[in-house]
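For reference, the structure is listed below as structure tokens.
Each value in this text was obtained by applying a stated rule to the coordinates, not by laboratory testing. Everything numeric in this text was worked out from a predicted model, so none of it was measured. Using ideal geometry, Cβ is built from the backbone for each residue, glycine included, and neighbour counts are taken over all protein chains shown.
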Amino acid sequence: MLDEQLTAWLHGFLDRHGAVAGPVHVRKDDLLVIAAAVNIPPKVQEITARIPLGKGMAGLAWERDRAISTCNLKEDASGSVKPGAKAVDARAAVALPVHGGDGVRAVVGLAWADERDLPEPFLADLGRDAELLP
């Protein structure tokens with residue numbers, strides 16, 4: 001079951017940055033667990049309900065403690081984007097680590113309808129905003 005408060009926050013976060021879709025995964029022991037989702041197909045939510053360290057964009061953002069991005073979800077060949085993420089109706093995407101007292105406490109994702117570059121200063125601004133996750 002998704003968290004209503006986090007889903008409301010996520011809607012605002014996506015709107016502020018012109019994104020069309022995204023999830024919030026919170027860290028529970030040795031996994032990231034989906035807690036909120038906007039415009040993420042049910043099948044993708046099911047596939048990404050529990051993410052281990054280092055798997056996919058969210059797992060890599062957690063493992064590396066930095067933003068993991070792609071300019072095109074559908075055509076990414078880096079290995080960071082898993083098939084489930086490619087099913088989201090979007091192009092550019094980023095997974096951002098959110099910090100707590102013991103390191104990464106959550107990962108927030110954003111996806112845009114268009115293909116675009118995500119320069120470092122933009123990612124830094126996104127990261128600062130993501131840190132406001134309740």
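The table below gives the values:
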| quantity | calculated |
| --- | --- |
| Charge sum, other residues only, whose C-beta stays under 14 Å from L123's C-beta, Lys/Arg counted +1 and Asp/Glu -1 | -2 |
| Additional length obtainable on full extension of the chain from K43 to L31, 0.36 nm per residue less Cα span | 2.4 nm |
| Value at 222 nm in deg cm²/dmol, rounded to 500, when DSSP H runs of n ≥ 4 in the chain each add -39,500 (n - 2.57) | -9000 deg cm²/dmol |
| Whether the range 1-42 is rounded, prolate or oblate, judged on the alpha carbon gyration tensor where a/c under 1.5 counts as rounded | prolate |
| Amide hydrogen neighbours beyond the local backbone of V38, cut-off 5 Å, H modeled | G22 |
| Semi-axes of the equivalent ellipsoid for the chain, Cα gyration tensor, largest first, Å | 18, 16, 15 |
| A106 long-range amide H proximity, modeled H, under 5 Å | R27, V98 |
